[in-house]
Amino acid sequence: MRDHSEEQDEVLTFTTDVLSEPVEWTGKVETELYISSDAPDTDFIVRVSDVYPDGRSILIVDMIRRARFRDGFETEKMMEPGEVYKVKFYVGWLSQIFNKGHRIRVTVASTGAPFFEPNPNTGEPLTIESPENRKVATNVIYHNQQYSSKVIAPVVKLKQDYLLEEYTELFASFTPLELISGFFILGSIGFRIDVRFFESVPGSHQFQHFLSVA
């Protein structure tokens, strides 16, 4: 079955067309997000899933990064409204073959409770229990020439009887439509993707973080 989180309006979902041949990812998956928020602190979660022909979406790797720790866990740095920040982190390590007839899906979200401790989006100290003082954060993910958010995938291809590991940037150009088709590159293979998002401004995707409480 499809991951329930993928159906939420505030989650960004990127899915390839059906693969015409198997695609292997072996190694480290990274992401570079260019973001802004009206909150001093919020979360960003990136997930990679294998979508089966029957529609099942199987989570392969995912990781969360709290914006206050975007420059390392030694120092907390809060954000200012309207400022653009780079948030770079590892999504995970894997060795996965996405088979012919399957699709590759990447989702970006901003809440993972109860799997991750809730973020009040206020910049206040973090607690395991749901904080009483909390707010909804409106976050923007940028996709343009100046701020190119991306996932970097360890694509492996067979060439001249040996394997070459090639880290390839997954990227797309977007326009502010509710549902659009884009194009990105996996190694030497191109895929068309559908992009769904809650709300947009030119050159960006905007979504909201609603705190979930179990």
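Each value in this text was obtained by applying a stated rule to the coordinates, not by laboratory testing. All values derive from a computational prediction rather than experimental measurement. All Cβ positions, even for glycine, are placed from backbone atoms using ideal geometry, and neighbour counts span all protein chains on display.
Per-peptide packing, taken as the mean over residues of other Cβ atoms within 10 Å, places 82-92, 137-147 in the sequence 137-147, 82-92 from highest down. Close amide H pairs (under 5 Å, H built 1.01 Å from N) link Met79 with Asp41, residues at least 5 positions away or on another chain.
Add +1 for every Lys or Arg and -1 for every Asp or Glu among the other residues with Cβ under 15 Å from the Cβ of Phe116, and state the total. The answer is 0. With Cα atoms defining each centre, the range 60-125 and the range 127-158 are spaced 5 Å apart in the structure. Sorting Arg56, Arg47 from the fewest to the most surrounding beta carbons within 10 angstrom yields Arg56, Arg47.
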